[in-house]
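Read the structure below first, then the notes.
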Amino acid sequence: MSVSEHPFRKYMRSHITRTTNCPGCGNGIVTQAILRAIEELGMDMDDFIFVSGIGCAAWIPSPLFAADTLHTTHGRPIAFATGVKLSLPEKNVFVVSGDGDLAAIGGNHLIHAARRNINLTVVLVNNGIYGMTGGQTAPTTPRGVATITSPYGSLEHAFDISRMVAAAGAPYVARWTTYHPRQMTRSIKKAIQKKGFALVESISQCPVQFGKAAKLGKAVDMLKYYKNNSIGIKRARSLDEQALKGKIVVGEFVDMEKAELTSELARLKEEVMEG
Amino acid sequence: MSSGKKVMTGRHFMMGNIACAEGAIAAGCEFVAGYPITPASEIGNQLAKRLPQVGGVFIQTEDEISAICAAIGASWAGHKAMTATSGPGISLMQENIGLAVETETPLVIVDVQRLGPSTGVPSIGSQGDVVQVARGSHGDYQIIALCPESPQEMFDLTIRAFNLAERYRVPVFLLADGFAGHMRERVEIPETDSLDIIDRKVTTDGSDPMERIDFLDEDVAPMPVFGRGFKAHVSGSCHDEHGMRNLSEPEVMHRYISRPINKILKHRDDIIQAEGDHSAADIVLVSYGTVSRSARAAAQLGRAQGINVGTLRIVTCWPFPDREIRQIAESVDFMLVLENNRGQLYPYIKAEAAHACQIEFLGPQILGQIHDPENILARIKEMIK
């Protein structure tokens, strides 16, 4: 039997032969969506600098991708990426990390980067739980779900990350689930091309922790759950809160143009530099 | 002072914090991230105006955590980078100072110390952070910290901090205080050509880190900066010479901790600066930062009264100048350590000196106020009688 190479193997470091993902993890679908977006845009890995934080999703680009990869402290990839982008404005600076990393400990950097409108691409993988540390409640855990640190059911309300980032001023925000890899890929392509802060929230299954906690079953059951409970944003706009309860609103939340920080800085330098 | 010149050559009457900002630009700094804080704010204020004029970037971040992270990111993107703050900001930066140490990132961190702990007294200088800057991040590491005593040295030592950061691929502290930062004095800025500026060595070969040594070289590996096709892997996790995470081999863990420490200690003679006048002295006043000005004044007063008072001024607090202190301790009878705190460096100094001479500590009469030279002299007389 001949073994053919995966068409995206060329985007990966040759000495890396395994990932840290658990069986059934959604990270593989998100990885493929990112690499397919890069492939379809005809871009080179050297056009990118990938930055990630701490948590399962941070292992998507690091050390897998054959590019410059910066694996940072917990919560801070967007802050690091801000410095990289301001110094290399011609490069695509791409952040991949999870909901705990980017929306809990790093939530302040997320909203401020959106407010500044710095040209970063952020894929935020939202599995609704802390997977790597053993299934603790996250700011994205739905109310009532029993996790290891909310054993009687979570008493808190969950963040709606896409709406929060849109409210903070990001010019591109989209949300898809791992049941929607084609739509996710299309949105990542738009996010890369967007001149400004672009967020793609990827709702992704963690069968090992969240599936167990929310009693959603295994990976395939979770994907079926996403299929049956996702609702397009256009349709969602005509429904009231009660009708949207328990639904995952997917689609493009924002797609607009606005002044971007690195371009504004370049203009400023032109104005004030001597000679 | 607002023209777009890179080096403000000339003689100025200048605030220490402004001199620090001008020193950074003269050293080739192209990126500064910061968050407003007294008594360090003037550094960022000046750079917000000056950096765009010379083609650089200043960004005011949402907090000090973001400031140091952005500066580390900019350094990996190939730019000389700096952040400036005071004690509360340093506390917030500590985790990522550890990342800068372990990823061997050239970076200058300015700490204009104020009276603390906690919110403390923002506008009063002190030396309360001297151990924090060396031991504040978790884990085992070495750091470089330079202590200016004047606005002139806020300029000179900022340049030296950049040079050490670039030569050794390390974060370097400019450990100033509110006195040096807010003092206005004459500052001489030399001609551009007479400045000695060091730039980091950058990787020249290859697109595969597995075929290069990017980290953990005690003689400083060339830096595989981003954006040039080196496909560098940079991680705060335990990593090998290629930057690849390794949590399974004890020997790699040992090297990950030891090599960055050894890199600094191996070159300590090039890094450590200590100065003073202590030949034929019976008693030596040991100090650093702005306290050294009071020490010199007290020594002058003492000598005028026939007492052989010498001075040792520690310019490089970290790595700790152990040999330099031991050598002097073995040639004098008395040592008096002066710090504007309750004795932070004192135990380190004592450990090198107590076997050879009588050593004591003296803080200012009121913490946060400068040492009165007359008071130092009174203590000298008490010690040697």
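Evaluation of residue B:76 against the conditions (1) over 14 Å from residue B:22 (Cα atoms); (2) away from every other protein chain (no Cβ under 11 Å); (3) in contact (Cβ under 8 Å) with a residue 60 or more places away in the chain shows that the sole unmet condition is (2). Those strands (runs of 3 or more DSSP E) of region B:130-215 that lie entirely within it include none in which at least 1 residues are at pLDDT below 95, in the same structural domain as residue B:367 (by TED's automatic domain parsing) and of a type outside the set (A, V, I, L, M). Out of the residues in region A:6-35 that are of a type in the set (Gly, Ala, Ser) and in a helix (DSSP H, G or I), state the one that is nearest to residue A:174 (Cα to Cα). So, considering only residues that are of a type in the set (Gly, Ala, Ser) and in a helix (DSSP H, G or I), the one nearest to residue A:174 (Cα to Cα) is A:33. Applying the selection to region B:322-337, what residues are crowded, with 24+ Cβ neighbours inside 10 Å and within 22 Å of residue B:175 (Cα to Cα)? B:325, B:337, listed by residue number.
Quick check on region B:8-16. Is at least one of its residues aromatic (Phe, Trp, Tyr) and either facing chain A (nearest Cβ under 10 Å) or surrounded by 21 or more Cβ atoms within 10 Å (Cβ to Cβ) (or both)? No: region B:8-16 contains no residue that is aromatic (Phe, Trp, Tyr) and either facing chain A (nearest Cβ under 10 Å) or surrounded by 21 or more Cβ atoms within 10 Å (Cβ to Cβ) (or both). A single entry from B:127, B:60 fulfils the requirement of being of a type outside the set (D, E, K, R), in contact with a Phe, Trp or Tyr (Cβ under 7 Å, 6 or more places away or on another chain) and more than 30 Å from residue B:221 (Cβ to Cβ): B:60. Right, residue A:112: within 9 Å of another protein chain (Cβ to nearest Cβ), closer than 23 Å to residue A:190 by Cβ, in contact (Cβ under 8 Å) with a residue 24 or more places away in the chain and surrounded by fewer than 24 Cβ atoms within 10 Å (Cβ to Cβ) or not? In short, yes.
In the condition set (1) of a type outside the set (Val, Ile, Thr); (2) farther than 21 Å from residue A:92 by Cβ; (3) within 14 Å of another protein chain (Cβ to nearest Cβ); (4) within 22 Å of the chain's Cα centre (by Cα), residue A:271 is compliant with all but (4). Checked against (1) modelled with pLDDT of 95 or more; (2) under 22 Å from residue A:58 (Cα atoms), residue A:211 passes all but a single condition, namely (1).
Against the criterion of being assigned to a loop (DSSP other than H, G, I, E, B), among the acidic types (Asp, Glu) and touching a residue at least 12 places away in the same chain (Cβ under 8 Å), residue A:252 does not qualify.
Scanning region A:112-158 for residues that are assigned to a loop (DSSP other than H, G, I, E, B) and basic (Lys, Arg) returns a single hit, A:143. Restricted to region B:79-98, and to residues that are facing chain A (nearest Cβ under 7 Å) and over 18 Å from residue B:55 (Cα atoms), which residue is surrounded by the fewest Cβ atoms within 10 Å (Cβ to Cβ)? Applying the filter and picking the extreme gives B:95.
The values are calculated or read from the model by the stated rules, or taken from the named source; none is laboratory data. Given the structure is predicted, the values throughout are model-derived calculations rather than measurements. Cβ: placed from backbone, ideal geometry, glycine included. Neighbour counts: every protein chain shown.
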